[in-house]
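Only one structure is covered here, and it is reproduced in the block below.
The values are calculated or read from the model by the stated rules, or taken from the named source; none is laboratory data. This structure is a prediction, so every number in the text was calculated from the model and none was measured. Heads up, the Cβs are rebuilt from the backbone with ideal geometry, glycines too, and the neighbour counts pull from every protein chain shown. Note: areas computed on protein heavy atoms with side chains; ligands, DNA, RNA excluded. Shrake-Rupley method; radii C 1.70, N 1.55, O 1.52, S 1.80 Å.
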Amino acid sequence: MPKALSDAQVAQYHDEGYCFPHRVLDADQVADIRRQIEAYEAENDGKIAGQKRNKSHLLFKWLDDLIRNDEMLDCIEDLIGPNILCWNTLFWIKEPGAKSYVGWHQDSRYWGLTEDKLVTAWVALSEASVEAGCMRVLPGSHRREALEHEDRYNDDNMLTRGQEISETINDADTVYMPLRAGEVSFHNIKTAHESGANMSQDRRIGVSLHFIPPSVAQVVGDWDCAALVRGQDTHGHFEHTPRVPADLDPDLVAYHTMASSKISEVLYHGADQKLGKL
Ligand SMILES: O=C(O)CCC(=O)C(=O)O
């Protein structure tokens with residue numbers, strides 16, 4: 001019996017490559033995290049930019065806590081078992097009325113990982129409605145071969161190289177995943193997904209957490225790190241990241257600079273241009 005998700009959600013994740021919603025944060029917790037994000041932004045040109053978007057649990061204590069949130073980890077355990085590493089965290093913030101979007105893509109194509117067992121938990125820290133540009137998935141795409149992608153380098157595409165799946169995806173085959181603030185969706189690393197512009201009046205603030213079982217390894221580059229957040233690391237493929245004692249701890253900031261630049265090399269591996277989006 002699953003610990004946190006329903007049997008139907010676990011079955012849907014395995015059969016269709018996604019499930020949602022599940023609440024992990026209450027309104028007060030969301031408000032507190034949003035206040036901390038916006039305080040950081042106010043002191044840093046109004047945004048979390050470039051490589052600070054990546055491996056960000058090394059910078060912010062609230063995010064280091066979120067990757068260890070029990071309710072979250074119970075869900076992840078339901079999907080990939082009791083031994084869990086958090087490989088990455090990534091901010092996805094769309095301003096109201098901005099053109100930013102995310103093209104159709106499969107993450108498995110760009111993350112250098114050996115197996116398709118990664119679960120992305122996408123946490124809404126503000127309302128992520130269809131109007132606000134929530135994510136949309138192509139159910140069952142995680143069971144297909146890797147789909148062909150093109151690097152289009154469109155400035156408004158939030159992905160590193162503006163990549164997009166080459167084939168036309170039929171709207172009727174897709175499913176939107178709207179979330180209320182504090183809720184999370186889960187999708188598999190091979191599930192094709194995208195999101196549109198934020199046409200709402202509020203910011204769409206999301207953060208994705210990327211969880212793997214220890215059997216998964218990195219094959220691009222010579223080094224990578226992950227946080228052991230539950231159980232045992234039975235394989236030792238990643239250096240374990242330290243806990244964050246406080247926001248922007250100087251040792252952790254130095255570690256983050258190194259770790260996020262390594263992950264940036266992975267994400268831009270084979271690209272003709274490096275746009276500095278991550
Ligand atoms: O935030 C979005 O709209 C897209 C996020 C995404 O591509 C992901 O979490 O893998």
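Measuring r between the beta carbons of SER6 and LYS99 and using R0 = 45 Å, the FRET efficiency lands at 0.75.
Each residue of segment 150-164 was assigned a 3J(HN,Hα) from its phi angle through the Karplus expression (A = 6.51, B = -1.76, C = 1.60, θ = phi - 60°), giving 10, 7, 10, 6, 6, 4, 7, 6, 6, 6, 3, 10, x, 6, 8 Hz with x at Gly and Pro. Per-residue 3J(HN,Hα) values for segment 172-179, derived from phi via the Karplus relation 6.51 cos²θ - 1.76 cosθ + 1.60 with θ = phi - 60°, read 5, 8, 10, 10, 6, 10, x, 9 Hz in sequence order (x marks Gly and Pro). Surface analysis of the chain yields an accessible area of 42 Å² per residue, using protein heavy atoms and a 1.4 Å probe.
Per-residue packing, averaged as other Cβ atoms within 10 Å, sorts the ranges 34-43, 179-188 into the order 179-188, 34-43, beginning with the highest. Residues within the reach of a label modelled at GLU148 (point 7 angstrom out along Cα to beta-carbon, backbone nitrogen below 19 Å), restricted to segment 243-271, are 271. Measuring nothing but protein heavy atoms, the accessible surface of the chain at 1.4 Å probe radius is 47 percent carbon and sulfur. Amide hydrogen proximity for HIS149: with H placed 1.01 Å from N in the peptide plane, the residues at 5 or more positions away or on another chain lying under 5 Å are SER166.
A simple spin-label model places the labels of LYS274 and ARG23 4.4 nm from each other, with each point 7 Å out along Cα-to-Cβ.
Separation of segment 21-59 and segment 110-188, taken as the distance between their Cα centroids, equals 20 angstrom.
In order along segment 44-57, the phi-based Karplus estimate (6.51 cos²θ - 1.76 cosθ + 1.60, θ = phi - 60°) of 3J(HN,Hα) comes to 9, 6, x, 8, 9, 10, x, 5, 5, 6, 10, 6, 6, 5 Hz; Gly and Pro are listed as x. Straight Cα distances below 12 angstrom link LYS55 to the aspartates and glutamates ASP64, ASP224, with same-chain residues fewer than 8 positions distant left out. Projected label points at ASP233 and SER261, each 7 Å from Cα along the beta carbon direction, are separated by 2.2 nanometres.
Note on the chain: helix-only mean residue ellipticity at 222 nm, from DSSP H runs of 4+ residues weighted -39500 (n - 2.57) and normalised by residue number, equals -7000 deg cm²/dmol.
Backbone amide hydrogens, once placed in the peptide plane, bring LEU118 within less than 5 Å of ILE189, excluding anything fewer than 5 places away on its chain. For the pairs LYS3/LYS274; LYS117/LYS262; LYS3/LYS47; LYS3/LYS99, flag any whose C-alpha to C-alpha distance is greater than 32 Å. Over 32 Å apart, Cα to Cα: LYS3/LYS274; LYS3/LYS47; LYS3/LYS99. At full extension, HIS240 and ALA39 could sit 69.5 nm farther apart than now, given 0.36 nm per residue minus the alpha carbon distance. Judged by the mean number of other Cβ atoms found within 10 Å, the most tightly packed of the peptides 110-118, 139-147 leads the ranking 110-118, 139-147. Give me the base-10 log of I(q)/I(0) for the chain at each q in 0.11 Å⁻¹, Debye formula, one uniform scatterer per Cα, rounded to two decimals. Log10 of I(q)/I(0), two decimals: -0.58.
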